[in-house]
Protein chains: 2
Amino acid sequence: MIKIAVLGYGTVGSGAVKVLQTNRESIARRVGEELCVKYVLDLRDFPGDPVEEILVHDYKEILKDPEVRIVVETMGGVNPAYDFSKLALQAGKSVCTSNKELVAQHGVELMQIAKEKNVNYMFEASCGGGIPIIRAMNEALTADVIDEVSGILNGTTNYILTKMTLEGSEFGDALAEAQKNGYAERNPEADIEGYDACRKIAILSSVAYGSHVDFTDVYTEGITKIKAADIRYAAAMGKVIKLLAFSRKDGNAVSARVTPALIGPDDPLYAVNDVFNAVLVHGNMLGDAMFYGSGAGSLPTASAVVADVVACAKNPGRNVAVPGTGETLEIVPFEETESRFFVRVSGNPAERLDGIKALFGEVETVAADGTEDDFGFVTGLIEERVFAEKIAGLDGVLNRIRVM
Amino acid sequence: MIKIAVLGYGTVGSGAVKVLQTNRESIARRVGEELCVKYVLDLRDFPGDPVEEILVHDYKEILKDPEVRIVVETMGGVNPAYDFSKLALQAGKSVCTSNKELVAQHGVELMQIAKEKNVNYMFEASCGGGIPIIRAMNEALTADVIDEVSGILNGTTNYILTKMTLEGSEFGDALAEAQKNGYAERNPEADIEGYDACRKIAILSSVAYGSHVDFTDVYTEGITKIKAADIRYAAAMGKVIKLLAFSRKDGNAVSARVTPALIGPDDPLYAVNDVFNAVLVHGNMLGDAMFYGSGAGSLPTASAVVADVVACAKNPGRNVAVPGTGETLEIVPFEETESRFFVRVSGNPAERLDGIKALFGEVETVAADGTEDDFGFVTGLIEERVFAEKIAGLDGVLNRIRVM
């Protein structure tokens, strides 16, 4: 019998307890031993909930109990999750987490401690909810060198953009509906500004390339400036707008960004709608592979945490982390990366196209139904720095969105 | 240094040699030791090919060499692959294969021998080419009880159906084009009659449910009877026609089938086109997860075989197969399963609908452009046996296709 403690009885933590109970038998068969939740840590009380009997308020009780071999950290936020995780690892307990802020900020250190202590620090649930993407990269795509990872990594923004696309609504209304339906938090900043996706693509890139990518190096733009009009133009081009997290490794240089992007039907991410997430991985032998599923939610995310618990339970006293490549990756400054841009400007092509061509060379123009006072154009590949300079010299720019 | 032998220097075998060479360093880092191909077995000679130096024609040379710890079987077909694999396992060598015929027919026995000898029999590449679906089910979705697996498992038929959908062509023309482009074999029977997908869904179901599903129990229908007209009707309903492999576990009963099916845009498989494959898995905690990628091709499939080699190399002397559930699964006779049907009949609704309703109760009728002499209707859920009886009593039936 392997004893577990769950830190935080919120959405994911309570889900983890439920997964471990519901699938007790099949999990025991896979591990070869039963798993049992001995403690749940939370500041709150849960009168009437069966969890009451194993609820503790003081982390020391868990820490000092040598029976607890695996700690599930589903508290969220950096503090006190960081201290709690570190203390658990130092005490020789494995830690499985859904906490992307903590993994993005202190994952390297925590993995190092786990290695020294011959235990594991696992974080499948930190990216893509229930999608088993980290294990896929670490354990399955082992014959490949992965050189690109991209994805739709945030369910809230994908829900909002899907609503805007299907209903023609503006961002504010779609956000309000997402909040009403429980798909966006009251303070939605981390989602809509792209911060959540930023941490996730940094984590995924680190796993993919076997070398740390710092989330503070990832250029990040949210979806708050996307208008219904932009989506109409996208539709006129046969494309949709998604919040795309993207990273590519080219030699020892990595470029990474989170931005809204226009993507077409040839891209497997095109059809990923609502709160679903998907991660597209490119391997040098495999080509493209996509992993799709529920990007959030109590049970899918808990399923991923518990899969980590199973892996820890199957490997007692053995650190199973994939060794790093030892390479130092250079992060390409965002201004030096290249993109194609869709630009929406006021006026009409007859009056303005000469001036635009003088700046950007040949461009494709785009018209959309119900838009008489503006039009769009698409540039060729252009360096971010150069684009920023040129666009500053253009009047009446209503929006610009990168095109995949 | 871990020595490997590759049996069969065809598409996948030569790909495996290439993957092992190209990604030698990253693979060695993951394994903690270098992998090296010591022998390639093939009846043919390859004058001028670097493989010449390690080419052997007699399997005994490989079998008797104790240095060879892992055998890659990429010969295809049941004989002599079955004997060769069995002998290798009995000699204490792990075997990794892309051979779905062999796995579907003798996989249970070969896995049993591997277990007795503390080696491994692995077959990631037998289903879905480079898509890491077997490892996902065995190693990643370990917190879930999987109760449904479906997918587009055959690239040839998906290419043909995609062509027919995009170009309005008839089956024979699309097949000829697939053959011309190297996406269909000269004798395409195994693909177009669904036999290939049948073996794959039997293997995937066995892994998903932890209990053997015999491929001869899987009802199988190919795509040769699909007409351009059927696809026009599907489009009129906002759907596409795919060759769908499907299996569901309900208690101890499993239903499984391979048939053409109409699927709509809400299904993640809807957007899987050309030679791509995808597998949709439903877990009781996770919900739906989809795995998408190249379903065939030399390097993607070889990438999957080599990922198995890596797993074997990391676990010397240790059988890592997931223990079975010990359940005996009852296969539901196909006649007792239920489906909804799209039926295309000659005539027009005004004349025929009363008779159809007398047989099937309320139905939806479907019209499509450019079809004046026939029309379609969609039944409610109906048992296969009952449907077969009723449809036998209806004149002018042009086709019937299941609707998901």
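Yes or no, residue by residue, for (1) away from every other protein chain (no Cβ under 14 Å); (2) not hydrophobic (A, V, I, L, M, F, W, C):
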position: B:322; (1), (2): no, no
position: B:334; (1), (2): yes, no
position: B:338; (1), (2): yes, yes
position: B:351; (1), (2): yes, yes
position: B:367; (1), (2): yes, no
position: B:370; (1), (2): yes, yes
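So, in segment A:14-23, of the ones that are at the interface with another protein chain (Cβ under 10 Å from one of its Cβ atoms) and among the β-branched types (Val, Ile, Thr), which residue ends up farthest from residue A:81 (Cα to Cα)?
Restricting to residues being at the interface with another protein chain (Cβ under 10 Å from one of its Cβ atoms) and among the β-branched types (Val, Ile, Thr), the top hit is A:22.
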Residues that are within 20 Å of residue A:282 (Cα to Cα), in contact with a strand residue (DSSP E or B) (Cβ under 7 Å, 6 or more places away or on another chain) and within 9 Å of chain A (Cβ to nearest Cβ), drawn from segment B:281-316: B:289, B:290, B:291, B:292, B:293, B:294, B:300, B:303, B:305, B:308
Residue in segment A:24-75 that is farthest from the other protein chains (Cβ to nearest Cβ), counting only those that are of a type in the set (Asp, Glu) and closer than 24 Å to residue B:142 by Cβ: A:67
Residue identified as under 30 Å from residue B:302 (Cα atoms) and of a type outside the set (Asp, Glu) among A:122, A:164, A:111: A:122
Residue within segment A:182-204 that is within 25 Å of residue A:271 (Cβ to Cβ) and of a type in the set (Asp, Glu) present: yes
Options B:140, B:190, B:236; residue that is free of Cβ contacts under 8 Å to residues at least 12 places away in the same chain and more than 14 Å from every other protein chain (Cβ to nearest Cβ): B:190
Of residues in segment B:271-280 being part of a strand (DSSP E or B) and within 20 Å of residue B:11 (Cα to Cα), the one nearest to the other protein chains (Cβ to nearest Cβ): B:276
Elements of type helices (runs of 4 or more DSSP H) in segment B:293-404, at least 3 residues being free of Cβ contacts under 8 Å to residues at least 60 places away in the same chain: B:349-360, B:384-392
Residue match in segment A:233-242 (condition: among the β-branched types (Val, Ile, Thr), at pLDDT 95 or above, in the same structural domain as residue A:273 (by TED's automatic domain parsing) and not in a strand (DSSP E or B)): no
Leading residue by the ranking (farthest from the other protein chains (Cβ to nearest Cβ)) among those in segment B:112-137 that are touching a residue at least 12 places away in the same chain (Cβ under 8 Å) and more than 26 Å from residue A:138 (Cβ to Cβ): B:113
Matching residues in segment B:58-93 - criterion: being assigned to a loop (DSSP other than H, G, I, E, B) and under 22 Å from residue B:298 (Cα atoms): B:74, B:75, B:76, B:77, B:78, B:79, B:80
Which numbered condition residue A:161 fails, given (1) closer than 25 Å to residue A:16 by Cα; (2) at pLDDT 95 or above: (1)
Among (1) within 17 Å of residue A:140 (Cα to Cα); (2) among the charged types (D, E, K, R); (3) modelled with pLDDT under 95 - the single one residue A:288 does not satisfy: (3)
In segment A:26-77, the residues that are over 16 Å from residue A:88 (Cβ atoms) and either of a type in the set (S, T, N, Q) or not assigned by TED's automatic domain parsing to the domain that holds residue A:307 (or both): A:26
Condition broken by residue B:389, with the remaining ones in (1) surrounded by 14 or more Cβ atoms within 10 Å (Cβ to Cβ); (2) over 21 Å from residue B:246 (Cα atoms) satisfied: (1)
Test: residue in segment A:76-92 that is crowded, with 24+ Cβ neighbours inside 10 Å and within 14 Å of chain B (Cβ to nearest Cβ): no
Only listed residue being surrounded by 21 or more Cβ atoms within 10 Å (Cβ to Cβ), over 12 Å from residue B:161 (Cα atoms) and in contact with a helix residue (DSSP H, G or I) (Cβ under 8 Å, 6 or more places away or on another chain), chosen from B:272, B:254: B:254
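Out of the residues in segment A:114-144 that are of a type in the set (Val, Ile, Thr) and touching a strand residue (DSSP E or B) at 6+ places or on another chain (Cβ under 7 Å), which is surrounded by the fewest Cβ atoms within 10 Å (Cβ to Cβ)? Don't jump to the end; show me each part of the working.
Within segment A:114-144, the subset of a type in the set (Val, Ile, Thr) is A:119, A:131, A:133-134, A:142.
Next, only the ones that are touching a strand residue (DSSP E or B) at 6+ places or on another chain (Cβ under 7 Å) stay: A:119, A:131, A:133.
Values: A:119: 27, A:131: 33, A:133: 32.
Here the residue is A:119.
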Qualifying positions in segment B:255-270 - more than 17 Å from residue A:290 (Cα to Cα) and more than 8 Å from every other protein chain (Cβ to nearest Cβ): B:255, B:256, B:257, B:258, B:259, B:260, B:261, B:262, B:263, B:264, B:266
Residue match in segment B:100-116 (condition: in a loop (DSSP other than H, G, I, E, B) and not hydroxyl-bearing (Ser, Thr, Tyr)): no
Residue list for segment A:298-331, restricted to those being over 30 Å from residue A:32 (Cβ atoms) and either in the same structural domain as residue A:213 (by TED's automatic domain parsing) or crowded, with 16+ Cβ neighbours inside 10 Å (or both): A:329, A:331
Selection within segment A:117-139 - part of a helix (DSSP H, G or I), farther than 14 Å from residue A:306 by Cα and small (Gly, Ala, Ser): A:136
Residues within segment B:209-231 that are in a helix (DSSP H, G or I) and away from chain A (no Cβ under 14 Å), tallied: 7
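The values are calculated or read from the model by the stated rules, or taken from the named source; none is laboratory data. The shown structure was predicted, so the numbers you read here are calculated from the model rather than taken from an experiment. No Cβ is skipped: glycine too gets one built from the backbone with ideal geometry, and neighbour counts run over all protein chains shown.
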